Amino acid sequence: MLFGSWGGVGTEGEWPNHGNLHLPTAAQLLPCNHSLPARLRRAPTTPQTPCPASEVCRVNQYFKGRRHFELQNQHTMSKTPIDGDRPEPGSDQTVELEDLDPGNDELRSPRGLEWLLMKDKPVRSPSPMDTTVVAVTIGEEFSAVEHAFSGKFTRSKVFEAASRGDPGPLSGLQDFLQLHHLKLTSPEYIDEGNGKTALLKALLNLNDGKNDTIQVLLDTSEKSGDLKEFVNAAYNDEHFKGQTALHVAIERRSFDQVKLLVEKGADVQAKANGAFFQLNSKRGFYFGELPLSLAACTNQLEVVSFLMENQYRCADSRDHDSLGNTVLHALVVIADNTVENTEFIVRMYDEVLIRDTRLALKGEVSLEAIENKHGLTPLKLAAKMGKIGLFRYLVQREFTDEGTKGLSRKFTDWIYGPIHSSLYDMTSIDTSEENSVLEIIVFGNAIKNRQEMLQVEPLHSLLEEKWERFAQKFFLVNFLVYLVYLGVFTTVAFYRKEGQPPFPVENTPLDWFRCIGELVSVLGAVYFFIKAIVDFKRKPPRIKSMYIDGFNEISFFLQASLLLVCTVLYAFGWRAYVGPLVLSLALAWINLLYFTRGSKRMGMYNVMIQRIILSDIICFLFVYVVFLFGFSAAVVALIEENPPDHAQSRSRAFVCRKPTYNNIRFTALELFKFTIGMGDLEFTDNVQYIEVFYILLISYIVLTYILLLNMLIALMSDTVERVSRESESIWRLQRSLTILDLERALPRCLRDRLQSGMMKTLCLPTGNRTCFRVEEVNWKKWRSNLGILKEEDPELEVKSDILLTSPQQRRRIWNMSPLFSMVRGRRSGKSDPQDNVI
């Protein structure tokens, strides 16, 4: 078969019908190959026979058809028509063969086959495949027959058929591609703008998950020998780069098409990494780039199961995207803390994790332990992004089935009535590991709901245990040390020397004490300055985070900076060193409120003060300053004093003049006094436009004293009422910051001794676990059986129960100073003779 056709393919001895145009087949016109160019010769299937004379009439009819095409396409060869320019059969532009004169000498006496070789035609470039231009071939090997049929299966026609799901117009596509040495992956059939192929076009236009042209396209591509390339062709534009047909089939939720594509060799590890699929894309959807991640993130459990376990090619669940995120990371990213979303994320998370564990090789690291490029596991990522619903499930996940029990993070030790004694796995949670979950939440000032996340078990009980165990004692020591430092600093500032600095050190005890006090004050400022820099590096200050974290770090930084500036001015002999000194002293006393975190009542009160200052006072001051300077400038511009005469000037040459309202500093101060009810109505008799002055003064008093102050009081009352409901959680967060700061300040050896939890050696595939015991009361769940872990059988379930810190070690830690021993004895109501030994 040599030629395809629009309406069908003719067979040898038959005339194909092309609408109103009737053309002979190649077999009818040229039954032998010796008169055709080499490219158009068919492989001989029967012994070659000479062309009989009776076939001349058929050749004449072929020439008649050629003449028809020349007449029909005269107006199209000189321009490039767009889609739809081809005349439809039956239109006015259609020329019938019967309309041509059969006795025309031009048709009856051709110049051999020279016209067939296009020797008398100019050479033209081929037209694009997405137009209906009839392509004119180049060189002697291209015939006029190819010229007549080259525009049949254009890209637009194939794409249109794929979008409609109609395989009819694609009949004969395979023969056409074979004739023209083309493939469906050729540039002529690919959208040059985005790389879209006919298969992608068909998948984008599924109807109830089906498109009849998909199978036709795949069969055609398979016969052309480019099936794998065709199935895995991807978008190449900036937005959808890397998206393949498998991605589209998953997104369209067509399981049948997914199976078909995987069967045909689709790449199950293809990555769609265009701008539309990036994590921080404003208009897009992040799913982890991989087909498995896309199926998981769109809640297609059947597709996930098929991709992970099939007979063709299984998806690697441990593969990661450009951010290093696996499928579990992608599930964490799309969680939004709603109930419905959390339920499907949890179900899909468990399904992927269980299947991966079953398919993983022995000794291979758990999928849940794989970190992305930022060093975050799925659990840490959930903590960092504030996904509290998923985070609560991950840290409290408990499987009862023996095959999946090793994936649990919570183990019920025993239950009696409503009391549940549970062991929580501390892996990635406690501060014994770098970049732990606890540190991520406490120091993550970008996490909006971190105070709620700290209430999730076991984090809540873990922080309470750390506070009771060592943090409150070190916090008390820091408070006492700061009180001593504050006393020294105040004494040095109060008894400073008068005169020109720097002052020489006199050989007197008082002067030596003064020098030592100054040295202690400066060293303390250096310590606070370095500590603030380290805190800012670990937790950059943000305006929104100060509403929760407070501004103590900034206040300590300003205190230290002012004292260091004072030291520099003192060293250079500037008497202006006194200004920074007294400002630093005032901040030092204000920073004493930082230690209210040790008390729940005082800590909550301090939280309210900080919130009022940051939200209400700052807004009030901004508006008040605008009013104050506006009315001050108006009053100064209004009042003008008469120039004194010369006689009076001589008599008053040495008289001290009192500032008047024509001085803006004096005016602003006087207007401020009016705001707090201490104003004094003084103005001279020579004031011009006294009525205007009264209007300005009364307007200022009404706007500031009556309006702004009462609004401030109302706002502060509302803030106190609103903050009181969440002040406890904010105080706990601030105390958690203090606990971790104190823990980081300890030596590594002491920190290891103070590690919380116990080692439980369980008969699990994962081996030893460092667990933390939490006893909870659940009045909705009742059970009476004891020993869920069956600790009475050490060979089966539990081999050992070793406390990381024995009672003797705890006693040594507790007795780190005689003062703590005395305090402990008073609290317990009894004293140990050994505790009183110093």
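The values are calculated or read from the model by the stated rules, or taken from the named source; none is laboratory data. None of the values given here were measured: they were computed from a predicted structure. Cβ atoms come from the backbone with ideal geometry, glycine included; neighbour counts cover every protein chain shown.
Counted as qualifying within segment 701-792 are the helices (runs of 4 or more DSSP H) with 1 or more residues that are crowded, with 17+ Cβ neighbours inside 10 Å and either over 32 Å from the mean Cα position of the chain (by Cα) or at pLDDT below 85 (or both), namely 709-724, 727-745.
To keep it simple, each residue is scored yes or no on (1) hydroxyl-bearing (Ser, Thr, Tyr); (2) part of a helix (DSSP H, G or I); (3) crowded, with 18+ Cβ neighbours inside 10 Å.
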| residue | (1), (2), (3) |
| --- | --- |
| 423 | no, no, yes |
| 446 | no, no, no |
| 451 | no, yes, yes |
| 475 | no, yes, yes |
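Within segment 163-202, the set of residues being assigned to a helix (DSSP H, G or I) and farther than 14 Å from residue 219 by Cβ comprises 163, 164, 168, 169, 176, 179, 187, 188, 189, 200, 201.
Give segment 319-329 a look and list any residue that's buried (at least 16 other Cβ atoms within 10 Å of the Cβ) and either more than 15 Å from the chain's Cα centre (by Cα) or not hydroxyl-bearing (Ser, Thr, Tyr) (or both), or say none.
Of segment 319-329, the ones buried (at least 16 other Cβ atoms within 10 Å of the Cβ) are 319-321, 323, 325-329.
319, 320, 321, 323, 325, 327, 328, 329, listed by residue number.
Considering each of 564, 581, 585, 593 in turn, give the residue that is surrounded by fewer than 19 Cβ atoms within 10 Å (Cβ to Cβ) and over 22 Å from residue 735 (Cβ atoms). Can you show your working first?
Working: 581 fails: surrounded by fewer than 19 Cβ atoms within 10 Å (Cβ to Cβ); 585 fails: surrounded by fewer than 19 Cβ atoms within 10 Å (Cβ to Cβ); 593 fails: over 22 Å from residue 735 (Cβ atoms).
The match here is 564.
Listed by position, the helices (runs of 4 or more DSSP H) contained in segment 276-344 that have at least 2 residues being of a type outside the set (Asp, Glu) and farther than 22 Å from residue 240 by Cβ are 301-308, 327-334.
Scanning for something closer than 26 Å to residue 486 by Cα, charged (D, E, K, R) and in contact (Cβ under 8 Å) with a residue 40 or more places away in the chain, does segment 566-582 turn up at least one residue?
Yes: segment 566-582 contains one or more residues that are closer than 26 Å to residue 486 by Cα, charged (D, E, K, R) and in contact (Cβ under 8 Å) with a residue 40 or more places away in the chain.
Considering each residue of segment 281-299 in turn, at least one proves to be of a type outside the set (Gly, Ala, Ser) and farther than 30 Å from residue 354 by Cα.
Tell me, yes or no, whether segment 384-405 has at least one residue that is part of a helix (DSSP H, G or I), hydrophobic (A, V, I, L, M, F, W, C) and closer than 20 Å to residue 294 by Cβ. Among the residues of segment 384-405, at least one is part of a helix (DSSP H, G or I), hydrophobic (A, V, I, L, M, F, W, C) and closer than 20 Å to residue 294 by Cβ, which makes the answer yes. Is it true that some residue in segment 364-382 is in contact (Cβ under 8 Å) with a residue 60 or more places away in the chain and not in a loop (DSSP other than H, G, I, E, B)? Yes, segment 364-382 contains a residue that is in contact (Cβ under 8 Å) with a residue 60 or more places away in the chain and not in a loop (DSSP other than H, G, I, E, B).
In segment 502-532, which residue that is β-branched (Val, Ile, Thr) and at pLDDT 90 or above is nearest to the chain's Cα centre (by Cα)?
Taking segment 502-532 as the starting set, the residues that turn out to be β-branched (Val, Ile, Thr) are 505, 508, 516, 520, 522, 526, 530.
Pick out the ones that are also at pLDDT 90 or above and you get 516, 520, 522, 526, 530.
Values: 516: 53, 520: 47, 522: 44, 526: 38, 530: 32 Å.
Here the residue is 530.
The residue that is surrounded by the fewest Cβ atoms within 10 Å (Cβ to Cβ), among those in segment 485-495 that are more than 47 Å from the chain's Cα centre (by Cα) and assigned to a helix (DSSP H, G or I), is 494. Of all residues in segment 443-478, none satisfies the criterion of being β-branched (Val, Ile, Thr), touching a residue at least 40 places away in the same chain (Cβ under 8 Å) and either farther than 23 Å from residue 336 by Cβ or in contact with a Pro (Cβ under 8 Å, 6 or more places away or on another chain) (or both). Restricting segment 158-208 to residues that are closer than 24 Å to residue 276 by Cα and hydroxyl-bearing (Ser, Thr, Tyr), the residue that is nearest to the chain's Cα centre (by Cα) is 197. Checking each residue in segment 345-378 for being acidic (Asp, Glu) and closer than 21 Å to residue 279 by Cα picks out 368, 371. Tally the residues that are of a type in the set (A, V, I, L, M, F, W, C), closer than 21 Å to residue 477 by Cα and touching a residue at least 40 places away in the same chain (Cβ under 8 Å), restricting the search to segment 594-633. Qualifying residue count for the region: 1. If you go through segment 224-249 and keep only what is at pLDDT 90 or above, outside any loop (DSSP other than H, G, I, E, B) and not acidic (Asp, Glu), you end up with 227, 228, 230, 231, 245, 246, 247, 248, 249.
Out of 210, 241, 201, 223, report the one residue that is surrounded by fewer than 20 Cβ atoms within 10 Å (Cβ to Cβ), touching an Asp or Glu at 6+ places or on another chain (Cβ under 9 Å) and without any contact (Cβ under 8 Å) to a residue 60 or more places away in the chain. Just a single option satisfies the conditions, and that option is 210.
Yes/no matrix, rows are residues, columns are (1) at pLDDT 85 or above; (2) closer than 30 Å to residue 549 by Cα:
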residue: 391; (1), (2): yes, yes
residue: 397; (1), (2): yes, no
residue: 401; (1), (2): no, no
residue: 407; (1), (2): yes, no
residue: 413; (1), (2): no, no
residue: 425; (1), (2): yes, yes
residue: 440; (1), (2): yes, yes
residue: 446; (1), (2): no, yes
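Restricting the first member to segment 662-681 and to residues that are closer than 18 Å to residue 695 by Cβ and of a type in the set (Asp, Glu), and the second to residues that are modelled with pLDDT of 80 or more and buried (at least 16 other Cβ atoms within 10 Å of the Cβ), the beta-carbon pairs closer than 9 Å and six or more apart or on different chains are 670/632; 670/635.
Only residues that are touching a residue at least 40 places away in the same chain (Cβ under 8 Å) and among the charged types (D, E, K, R) were counted in segment 698-740, giving 4.
Per the listing 499, 550, the residue uniquely crowded, with 16+ Cβ neighbours inside 10 Å and modelled with pLDDT under 90 is 550.
Taking residues in segment 524-535 that are crowded, with 19+ Cβ neighbours inside 10 Å, and partners anywhere that are among the polar types (S, T, N, Q), the pairs with Cβ atoms closer than 7 Å and at least 6 places apart or on different chains are 528/559.
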